[in-house]
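Contents: one structure, followed by commentary.
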Amino acid sequence: MTVESTAARKPRRSAGTKKSPSPKPELVQLLTPEGKRVKNAENAMYDKYVADLTPEDLRGLYRDMVLTRRFDAEATSLQRQGELGLWASLLGQEAAQIGSGRATREDDYVFPTYREHGVAWCRGVDPANLLGMFRGVNNGGWDPNSNNFQLYTIVIGSQTLHATGYAMGIAKDGADSAVIAYFGDGASSQGDVAESFTFSAVYNAPVVFFCQNNQWAISEPTEKQTRVPLYQRAQGYGFPGVRVDGNDVLACLAVTKWALERARSGEGPTLVEAYTYRMGAHTTSDDPTRYRGDEERQAWEAKDPILRLRQYLESENHADEGFFAELETESEALGRRVREAVRAMPDPDHLAIFENVYADGHALVDEERAQFAAYQASFADAEGGK
């Protein structure tokens, strides 16, 4: 019997046939979409990490999310007005970023992607400094070692390797600190992420992998990335994985604190999957209406992380209208400051792109620099000839 005939006799699942859905995974949730506090036996191990939060602490988390969203909205507007070349919005992911960002200690080190504007806020990076790269005037805009917050990484998934290597280094140094690496559901399909999982597990690296599963890798839904919940991938590498409600700032804070404590105490890596939703476009060059419906977004708008915490604050009398009014004024002032800062950024030297390509000089780069300089000069010559 030929190979072809044997294969032909095997039943094949058609492209349209769907695999039976797996049971819905458990989700760590401490605050419901309606703003109700959840306390049960399943959450006990995480609940203790937020049990001592004061009303002032809770208002601080709310302020962080509101100001981060306002900055993000201003950046999107600036791009639409031609002031930025591109922008990657975090709209809808504020709880995942603020909760995890506030869980870190000053001596922990953060490796972001290009969307962690809320984490940058928690690490003390000036929001205006985030925009230089997107305006094309610098390669980052801040000193990573000043805030232990690495520059934004555009290459998908590579920062998880950087984080793992750094974590292995501080473990060898005996430092009492941890590393956290951010990435998205799409990046989880990258080989770099798989390699970082392997190395971190084998070397027991003090690193937390924080995956913001916002349901869409540009236009590719999560179900085309994996057949199992993402957090379960950690099992195959020998370390724990936890899925947390990514729109619940208290749960994100608690689970990340727990994972970072594990790392610092020598228990190795953890994968945290923050189950959230990208409310806007992947970037300002994307049109999400081409691949997803309004009803999906509307369903997630009902789980809005900021509204959720506001309802809790109001129900517990932890904040009044005066607080919300003052915060609105502060958020508008932040928007104006960022807008003015971007417009005041000087244009870079056109030839600066050729600097730092090699540590020493290089003949090909010198040739390209000369050609580009001549090209730029041709415009001046044309203007002068008029």
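The values are calculated or read from the model by the stated rules, or taken from the named source; none is laboratory data. Quick caveat: nothing in here was measured; it's all calculated off a predicted structure. Methodologically, a virtual Cβ is constructed for each residue, glycine included, from the backbone with ideal geometry; neighbour enumeration extends over all protein chains shown. Accessible surface is based on the protein model in full, side chains and every heavy atom, while ligands, DNA and RNA are left aside. Shrake-Rupley method; radii C 1.70, N 1.55, O 1.52, S 1.80 Å.
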Requested in this report: Identify the residue in segment 104-148 that is more than 18 Å from the chain's Cα centre (by Cα) and of a type in the set (S, T, N, Q) and, among all such residues, is farthest from residue 173 (Cα to Cα).
Outcome: 138
Query raised in the report: Which number in (1) crowded, with 22+ Cβ neighbours inside 10 Å; (2) free of Cβ contacts under 8 Å to residues at least 60 places away in the same chain marks the one condition that residue 211 misses?
Result: (2)
Report task. Scan segment 84-114 residue by residue and report those that are surrounded by fewer than 23 Cβ atoms within 10 Å (Cβ to Cβ) and in a loop (DSSP other than H, G, I, E, B). Result -> 84, 85, 86, 89, 91, 105, 106, 107, 108, 113, 114
Requested in this report: Assess whether residue 329 counts as being modelled with pLDDT of 95 or more, within 21 Å of the chain's Cα centre (by Cα) and polar (S, T, N, Q).
Outcome: no
Query raised in the report: open to solvent by less than 50 Å² (accessible area, probe 1.4 Å), without any contact (Cβ under 8 Å) to a residue 12 or more places away in the chain and aliphatic (A, V, I, L, M): does that describe residue 341?
Result: no
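Being of a type outside the set (A, V, I, L, M, F, W, C), over 16 Å from residue 119 (Cα atoms), in a loop (DSSP other than H, G, I, E, B) and open to solvent by less than 10 Å² (accessible area, probe 1.4 Å): is that true of residue 268 here?
On the way: of a type outside the set (A, V, I, L, M, F, W, C): yes; over 16 Å from residue 119 (Cα atoms): yes; in a loop (DSSP other than H, G, I, E, B): yes; open to solvent by less than 10 Å² (accessible area, probe 1.4 Å): yes.
So residue 268 fits the description; yes.
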Report task. For segment 216-259, enumerate the residues that are closer than 30 Å to residue 60 by Cα, among the small types (Gly, Ala, Ser), in contact with a strand residue (DSSP E or B) (Cβ under 6 Å, 6 or more places away or on another chain) and not in a loop (DSSP other than H, G, I, E, B). Result -> 241, 251, 259
Report task. Among the residues of segment 34-56, write down those that are of a type in the set (D, E, K, R), loosely packed, with under 14 Cβ neighbours inside 10 Å and in a helix (DSSP H, G or I). Result -> 42, 56
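Got a sec? Which helices (runs of 4 or more DSSP H) wholly within segment 305-386 have at least 1 residues that are closer than 28 Å to residue 100 by Cα and of a type in the set (Phe, Trp, Tyr)?
Hits in segment 305-386: 305-315, 321-343.
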Query raised in the report: How many residues does segment 165-187 hold that are part of a helix (DSSP H, G or I) and in contact with a strand residue (DSSP E or B) (Cβ under 6 Å, 6 or more places away or on another chain)?
Result: 2
